[in-house]
Amino acid sequence: MKLLFILVVALVGSAIADDDADEKVWTEDEVEDILASATSDATATVPVLIANNGYTAETHYVTTDDGYILQMHRIPATPTSAASDDKPVVFLMHGLLSSSADWVIMGPGKGFAYILADAGYDVWMGNARGNTYSKNHTTLTDFTGKDFWYFDWHQIGYYDLPAMIDYALDTTGQEKLFYMGHSQGTTSFYVMASMRTDYNDKIKAMFSLAPVAYMSNLKSPVLQLAATFVTSLTSLFKLIGVYEFLPTSTFLSKVGATFCNDDALTQVLCSNILFMLAGYNKAQLNATMLPTILGHTPAGASSRQIVHYGQEVRSGKFRYYDQGWISNLWNYGSISAPDYDLSAITAPVHLLYSDNDWMAAVTDVTQLYSELGNPIEMYRVLDGKWNHLDYLWGINAKELVYDPIISMIETNYSD
Ligand SMILES: *[C@@H]1O[C@H](CO)[C@@H](O)[C@H](O)[C@H]1NC(C)=O
Ligand SMILES: *[C@@H]1O[C@H](CO)[C@@H](O)[C@H](O)[C@H]1NC(C)=O
């Protein structure tokens with residue numbers, strides 16, 4: 001097993017950073033200085049971060065049909081935009097290992113939540129079961145055990161999203177909202193909208209930032225590596241944690257040693273599983289913000305979320321969790337796990353994608369687009385090196401992603 005692991009690491013090996021001869025090489029001293037400059041933002045909760053910037057922050061608790069208690073964060077008003085019942089509602093959903101912090105970490109004028117709030121939207125941010133803000137349940141009390149963690153992004157789509165969307169609509173008295181998701185925040189949307197089709201009517205439009213459904217062309221070497229273990233789940237769970245996704249130090253150091261022989265900054269990022277999975281783009285990373293980013297991520301996930309993605313990488317399908325043929329037959333009535341029916345998604349969907357996204361390859365995004373029930377456009381980010389996490393923290397995210405979304409809404413969906 002160990003030998004196979006090393007072999008596979010060697011086969012898929014490449015550094016997590018896209019190297020470019022022109023780019024800065026970071027020394028250990030420089031990186032130490034940056035890490036030492038961490039402010040209280042690195043540990044503050046999302047509502048505190050928002051309030052510290054003079055924006056109105058609210059916390060709401062939502063209980064799902066299967067008992068998970070989720071925390072939502074809301075920005076109903078900003079220094080330049082008063083609260084009002086008429087504001088269009090936007091619901092932002094984070095990706096794997098992340099939280100509502102994704103949308104506010106960069107601060108006013110840069111974080112998507114602030115930009116939307118300043119533009120007059122009532123901004124709601126979800127938190128999926130199992131992350132920092134949503135580790136809570138009505139009856140389960142052991143948040144380390146199998147019962148709590150027995151879910152993946154299927155349940156996030158099937159239970160969490162509907163509960164949070166209904167809550168935001170009930171509270172605001174509106175009938176529809178704009179849904180914007182990043183990465184797993186898109187995957188879980190496709191699950192919801194294909195299975196609980198009545199929710200399509202509650203969505204004015206859906207914007208997918210780095211859409212993830214089909215994954216067979218994925219570049220991420222670490223996820224490819226995880227995918228090679230999917231047929232031997234026991235071995236994989238031993239490496240990444242049986243219930244909560246907590247990669248062992250063996251896994252991290254082996255992978256780190258292979259992928260992270262670059263400069264001092266890469267070494268630091270390589271201690272963070274999110275960057276290890278998604279890679280990073282030196283040109284868009286503001287190193288000053290690193291302590292705050294690393295303070296909020298990874299924010300927690302179930303091992304089954306990784307395994308389900310690994311299955312998609314291997315099968316080339318976008319389908320339910322593969323439980324093995326006996327359980328599949330028992331639970332799904334077929335030997336293979338069934339496909340999600342993308343054609344059942346009737347909400348208007350915009351896909352924002354890029355050429356260098358390690359998790360969302362252009363061919364996979366194109367296949368998704370061709371199968372959606374109501375695809376509106378494929379919007380290619382105008383930066384050839386734009387990668388997966390740049391949608392959240394990229395230096396040019398406002399110009400390249402957020403402003404175009406807001407102008408699409410103003411042009412196509414304002415009533
Ligand atoms: C969990 O939910 C209960 C019931 O809503 C609440 O009283 C408690 O504060 C929550 N715990 C955390 C850590 O959020
Ligand atoms: C990087 O972040 C710092 C701190 O927020 C900010 O002052 C600086 O302008 C940012 N740099 C770029 C290139 O955006």
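The values are calculated or read from the model by the stated rules, or taken from the named source; none is laboratory data. Since the model is a prediction, treat every value here as computed from it, not as a measurement. Glycine gets a Cβ as well: all are built from the backbone with ideal geometry, and neighbour counts include every protein chain shown. Heads up: the accessible areas ignore ligands, DNA and RNA and are worked out on the full protein's heavy atoms, side chains in. Shrake-Rupley method; radii C 1.70, N 1.55, O 1.52, S 1.80 Å.
Note on the chain: dipole from Cβ charges, positive end direction compared against A119, S81, A210; the farthest Cα belongs to A210. Taking a straight Cα-Cα cut-off under 19 Å and skipping sequence neighbours fewer than 8 places away in the same chain, the aspartates and glutamates within cross-link reach of K398 are D102, D118, D122, D355, D357, D383, D390, E410. If you take all other residues with their beta carbon under 10 Å from the beta carbon of W386, and give Lys and Arg +1 and Asp and Glu -1, the sum is -2. Taken per residue, the accessible surface of the chain reaches 38 Å², heavy atoms only and a 1.4 Å probe. With helices as the sole contributors, the chain gives -10000 deg cm²/dmol at 222 nm; each DSSP H run of n ≥ 4 counts as -39500 (n - 2.57), and the sum is divided by every residue. Since only S315, I409, G300 are under comparison, the one whose Cα sits farthest along the positive direction of the charge dipole of the chain, derived from C-beta charges on Lys, Arg, Asp and Glu, is S315.
Between the residues G109, L277, I326, the greatest Cα displacement towards the positive end of the dipole of the chain, with unit charges on the Cβ of Lys, Arg, Asp and Glu, is found for I326. In a fully extended conformation the segment linking N396 and R196 would gain 68.4 nm over its present Cα-Cα distance, using 0.36 nm per residue. For D122, the residues 5 or more places off, or on other chains, whose built amide H falls under 5 Å of its own are V89, V90. Each Lys and Arg adds +1 at its Cβ and each Asp and Glu adds -1 at its Cβ; summed about the Cα centre, the chain shows a dipole of about 1060 debye. Rounded is the label for the chain, because the ratio a/c of its alpha-carbon gyration tensor axes (a ≥ b ≥ c) stays below 1.5.
Counting 0.36 nm for each residue step from D66 to T144 and taking away their Cα separation leaves a gain of 26.3 nm.
Here is the result for segment 315-415: no trypsin sites (Lys or Arg not before Pro) lie in DSSP coil with at most 11 other C-beta atoms within 10 angstrom of their C-beta. Taking the protein heavy atoms of segment 279-415 in the context of the full set of protein chains, the accessible area attributed to carbon and sulfur is 51 percent at 1.4 Å.
Cα centroids of segment 25-70 and segment 108-136: how far apart, whole angstrom? Cα centroid to Cα centroid, the span is 11 Å.
Over 20 Å between Cα atoms, which of K87/K204; K24/K254; K87/K176; K219/K317; K24/K282 qualify? Going by Cα-Cα distance, K24/K254 fall outside the 20 Å limit. All other residues whose Cβ lies under 10 angstrom from that of I50 are scored, Lys and Arg at +1 and Asp and Glu at -1, for a net of 0. Using θ = phi - 60° in the Karplus curve 6.51 cos²θ - 1.76 cosθ + 1.60, the 3J(HN,Hα) couplings for segment 208-219 round to 9, 9, 6, x, 10, 9, 7, 9, 6, 9, 4, 8 Hz; x is entered for Gly and Pro.
Simple point charges give the picture: +1 on the Cβ of Lys and Arg, -1 on the Cβ of Asp and Glu, and for segment 309-370 a dipole about the Cα centre of about 180 debye. Among residues other than V313 with Cβ under 13 Å from its Cβ, the summed charge is +1 (Lys and Arg +1, Asp and Glu -1).
Is the shape of segment 152-218 best called rounded, prolate or oblate, per the rule: a/c under 1.5 gives rounded, else a/b larger than b/c gives prolate, else oblate, with a ≥ b ≥ c the square roots of the Cα gyration tensor eigenvalues? Judged from the Cα gyration tensor, segment 152-218 comes out prolate (a/c at least 1.5, a/b above b/c). Here segment 20-93 is assigned +1 on the Cβ of each Lys and Arg and -1 on the Cβ of each Asp and Glu. Its dipole about the Cα centre then comes out at about 660 debye.
Summarising the strand pairing of the chain, around 35 percent of its internal DSSP beta bridges are antiparallel. Peptides 36-47, 386-397, 67-78, 93-104 ranked from most to least packed by the mean count of surrounding Cβ atoms within 10 Å: 93-104, 386-397, 67-78, 36-47.
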